[in-house]
Amino acid sequence: MKIFLLFLLFCFFTSLFNSCFAGNVTYDRRSLIIDGQRKLLISAAIHYPRSVPAMWPGLVQTAKEGGVDVIESYVFWNGHELSPGKYNFEGRYDLVKFVKIVQQAGMYMILRIGPFVAAEWNFGGVPAWLHYVPGTVFRTDNEPFKYYMRNFTTFIVNLMKQEKLFAPQGGPIILAQVENEYGYYEKFYGEGAKRYVTWAARMAVSQNIGVPWIMCQQDDAPDPVINTCNSFYCDQFTPNSPNKPKIWTENWPGWFKTFGARDPHRPAEDVAFSVARFFQKGGSVHNYYMYHGGTNFGRTSGGPFITTSYDYEAPIDEYGLPRLPKWGHLKELHRAIKLSEHALLKSEPTTLSLGPSQEADVYDDGSEVCAAFLANLDDKTDKNVVFRNVSYHLPSWSVSILPDCKNVVFNTAKVGSQASLVEMMPEELMPSVTSPSKGLKALKWDVFVENAGIWGVADFAKNGFVDHINTTKDTTDYLWYTTSIIVGENEEFLKKAGRPVLLIESKGHALHAFVNQELQGSASGNGSHSPFKFESPISLKAGKNEIALLSMTVGLQNAGGLYEWVGAGLTSVKIEGLNNGTMDLSMSRWTYKIGLQGENLSIYKPDGLNSINWVSTSEPQKIQPLTWYKVVVDSPSGDEPVGLDMIHMGKGLAWLNGEEIGRYWPIKSSEHEKCVEECDYRGKFFPDKCLTGCGEPTQRWYHVPRSWFKPSGNILVIFEEKGGDPTKITFSKRKISGLCSLIAEDFPMVDQAPVRKGGSGKSAAHLKCPKNTLISNVKFASFGNPTGKCGSYSKGECHDPNSTLAVEKVCLGKNECAIELTEENFDKGLCPGTTKRLAIEAVCS
């Protein structure tokens, strides 16, 4: 008996779920059934290689605190199988460790094995080496691709089985995915597509993992594989069988960014609206893609042109901080759904019309268990509706949730949760060497300048051009195309001090043009169109002129029909303005060199730092292309997340202590494009609906995880392609500089704790500072009709002059506080007949 009790205690402390016991996972048309219990599940995508192991427990815990039940991740084939049969599960790719952290948090796991993943990840997650296996075409019915796909899928499945991580073994994994969004692209593959889908499903099911398999965006997914939905809205989605539950694998709460483009935003109100509508219409499993987007470290971003940041405007930001109010608003939504779960799973819905664009879905089994969702689909006009003889106000494009069919505990358009002001606070790079007698020493930079063109021995030469990707095989971003021309002394441009024009056409992605070691100019495609043209006057001299063109990729194609065949590199090179007209160099003799000398010698790694002769200086030359910089610095103070501010640099790569920070490129979006001051949440969302950042860098700061730093002696290495000012590089700490709350008298209250504890149950403004800080100042407070937004509130005509004192009395000196909109705190007799609001901005320190 004692042994059994000890076993139970061990189980309890290992996981809050029954993970010590075999968990049977089945499904029917309504939901997943886990250990015989129906579940409505809210899932959060967190991709393990887009953060670092030191962040994983915090990210998972923040998701759990946000009301999430499940963590979802892809499995990244090209991060694991670096060459055929040789696997990597170290560091950011320690998949088993990540899944076990999810298990220890008492949460479930959805493992999307793929192994094609898209995901704005380099080459869609498929290893580049597979493209060069003879006879291989990705994602269709051919033996080489199926062979390697089966091998990798089986390897991952066996690894999970070995660690007992599937639910029937007591593990957290309740669903697995094979393939990914193939339905979008089947038409490109002809008759082989259908055969491939059938094969992939059978191959997956044959793995005998004991949990269901899913295929997203795959209307013809064969039984028993469940087809699922990916979209901004999935309330109208219907599975391809009446026996399968309604699962939403990707709800996009924001969108990705590409270098040189504007910033997309999806309002919290619309994200909440989409989720509420999904569960209103019978949804069972919902997953945010992404809940934490993270960072495309190194050269892992795809696209091409996907930024190093994969923030995705997700509920947890790139640096691991909750994005407020989005995180908090969705947390309250999740509570409201969970309050309704029993009714949703126990009864069938009845849909009632409440108006031309208004409806109710009622889950009532005839007993006392009842829940209702009231929706206003009008994207312009608020409406008052009558439901069960009671009038309810529905803002436009919103859903109200009534877990008891009487009381509204949440409305998707009423954001009452805390907002925050987040700043990047600069901190100069501090040298690691100090002298007791002389104080702080100047920062010492080590510099190494690459040759523009061939370094060492050329790789090969040929007439005409080669494809960039087929030549580098994605071992590097860089490929040198070099040739030379002879300019006669009688050329007219030499006499008139003119300049011929260099004309280049490329399939992508970017280019720096050098003549006689001097940079002549740069050009690139963009996230919408990879090919580009370059046109620039160049400086030529009489005699021999060396032309060196550095072609660059910025992440490989990650999706599309036959996407692996999309090439890059030069297609035409001409020089105009010579005596004989235009000189076409396209079929000339070109000499090629793959990569950079510094890359080849791994001078960014600790064991490769001394493989070249660095030149030391306290004043490195500015605007110098093809330059490596090395500097030894202290760790930034404090414990806040850190970003590297590269606003004064051009384009290149960065490392800290040998760890790949990634590509940097603070290229600005066009200031002539359309941006918005404020997002209107109403109406269907699309990626270009709400854009900001016109004329600003798409990405200025680059995440450097705290766990990569040592207290001192940190080696920062930068490779700058076209020139910048390294002395202006700084670390910036991501800090919450202020908190805000905006709450109205008519806001519903999903948090029932005050009621249960004997509180008033009135609407209340909640503020909570980061750990180890207290509310030190109330910068603004107004009860009445304040206007503006967090950081720029202003008083309206209706204002209680005692607002600030009331808030200070409750909140000053506390880590968190709640101030109720009661007569004891505020003058509620102000402005009779109007719904009053309380706006607060506070400072934590």
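The values are calculated or read from the model by the stated rules, or taken from the named source; none is laboratory data. On a predicted model such as this, the values are computed, not experimentally measured, just so you know. Using ideal geometry, Cβ is built from the backbone for each residue, glycine included, and neighbour counts are taken over all protein chains shown. Surface areas here come from the heavy atoms of the whole protein model, side chains and all, with no ligands, DNA or RNA. Shrake-Rupley method; radii C 1.70, N 1.55, O 1.52, S 1.80 Å.
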### Along each principal axis, Cα extent of segment 668-792, largest first, Å
62, 44, 27
### Query
If r is the Cβ-Cβ distance from Tyr87 to Leu562 and R0 is 25 Å, what FRET efficiency results, to the nearest 0.05?
0.35
### Query
How much length, in nm to one decimal, is gained on full extension between Thr787 and Glu489, taken as 0.36 nm per residue of separation minus their Cα-Cα distance?
100.1 nm
### Query
Among rounded, prolate and oblate, which fits segment 404-536 when a ≥ b ≥ c are the square roots of the eigenvalues of its C-alpha gyration tensor, a/c under 1.5 means rounded, and a/b larger than b/c means prolate?
oblate
### Query
For Asn151 and Thr804, what is the calculated FRET efficiency with R₀ set at 60 Å and r taken between the beta-carbons, to the nearest 0.05?
0.35
### Query
For helix 2-14, what angle does its Cα long axis make with the longest principal axis of the chain, in degrees from 0 to 90 and rounded to 10?
60
### Message
Using only the alpha-carbon atoms, how far is helix 143-162 inclined from the longest principal axis of the chain? Give it as 0 to 90 degrees, nearest 10.
### Response
50
### Query
Cα-Cα over 30 Å: which of Lys809/Lys836; Lys64/Lys651; Lys246/Lys689?
Lys64/Lys651
### Query
Shape call for segment 201-356 from the C-alpha gyration tensor, a ≥ b ≥ c root eigenvalues: rounded (a/c under 1.5), prolate (a/b greater than b/c) or oblate?
oblate
### Query
Lys574: which lysines have alpha carbons under 18 Å from its alpha carbon, excluding same-chain residues fewer than 8 sequence positions away?
Lys462, Lys507, Lys533, Lys541, Lys544
### Query
For q = 0.17, 0.22, 0.26 Å⁻¹, what log10 I(q)/I(0) does segment 223-287 give under the Debye formula with an equal point scatterer on each alpha carbon and no solvent?
-0.62, -0.86, -1.07
#### Entry: Cα-based Rg and Dmax for segment 777-834, where Dmax is the largest Cα-Cα distance (Å)
11.7, 35
### Task
Calculate how large, on average over all directions, the projected area of the Cα convex hull of segment 13-157 is; give the answer in nm² to one decimal.
10.3
#### Entry: Approximate spin-label separation Ser231-Val615, in nm, with each point projected 7 Å along Cα-to-Cβ
6.0
#### Entry: Around Ile504: net Lys/Arg minus Asp/Glu count, Cβ-Cβ under 10 Å
0
### Task
Output the relative contact order of segment 294-411, whole-number percent, from Cα pairs under 8 angstrom with separation of 6+ residues.
17
### Task
Report the Stokes-Einstein translational diffusion coefficient (µm² s⁻¹, integer) for segment 378-482, Rh taken as the Kirkwood radius over Cα pairs, at 25 °C with viscosity 0.890 mPa s.
107
### Summary
Share of accessible surface on carbon and sulfur in the chain, whole %, 1.4 Å probe and ligands ignored, is 51
### Message
Starting from 0.36 nm per residue, how many nanometres of slack lie between Lys771 and Ala128 once their C-alpha separation is accounted for?
### Response
227.1 nm
### Message
Please compute, over every Cα-Cα pair in segment 500-583, the percentage with a separation greater than 18 angstrom.
### Response
45
### Task
Check cross-link reach from Lys380 to the aspartates and glutamates: straight Cα distance under 18 Å, and skip same-chain residues fewer than eight apart.
Glu269, Asp270, Glu359, Glu678, Asp680
#### Entry: Fully extended contour minus Cα-Cα distance, from Lys668 to Asn158, at 0.36 nm per residue
179.0 nm
### Task
Any chance you could list the semi-axes, whole Å, largest first, of the equivalent ellipsoid that the Cα gyration tensor gives for the chain, using √(5λ)?
50, 34, 27
### Query
Once the mean 1/r over all distinct Cα pairs of segment 67-153 is inverted, what Kirkwood radius in angstroms do you read off?
14.1
### Query
According to a simple spin-label model (label point 7 Å from Cα along Cα-to-Cβ), what is the distance in nm between Glu427 and Lys473?
4.3
### Message
Explain nothing, just the number: relative contact order of segment 529-623, from Cα pairs under 8 Å at least 6 residues apart, as a whole percent.
### Response
11
#### Entry: Distance violations [Cα-Cα > 24 Å] among Lys768/Lys789; Lys326/Lys406; Lys444/Lys710
Lys326/Lys406
### Query
Restricting attention to segment 169-224, which GluC sites (Glu not before Pro) occupy a DSSP loop and are surrounded by at most 11 other Cβ atoms within 10 Å?
none
### Message
For segment 324-428, which trypsin sites (Lys or Arg not before Pro) pass both filters: DSSP loop (anything but H, G, I, E, B) and at most 15 other C-beta atoms within 10 Å?
### Response
Lys380, Arg388, Lys406
### Query
Which FRET efficiency value, to the nearest 0.05, do you get for Glu505 and Asp220 by plugging their Cβ-Cβ distance into 1/(1 + (r/R0)^6) with R0 = 41 Å?
0.50
### Message
Rounding to the nearest 10 and keeping the result within 0 to 90°, find how far the Cα-based axis of helix 56-65 lies from the longest principal axis of the chain.
### Response
30
#### Entry: Relative contact order [Cα under 8 Å, 6+ residues apart], segment 58-166, whole percent
27
#### Entry: Straight-distance crosslink candidates among aspartates and glutamates, where the alpha carbon sits under 14 Å from Lys146 and sequence neighbours closer than 8 are dropped
Glu179
### Query
Rounded to the nearest whole Å², what accessible area per residue is found for the chain with the 1.4 Å probe?
40
### Summary
What one gets for segment 72-116 as the Kirkwood radius, inverse of mean 1/r over different Cα pairs in Å, is 11.3
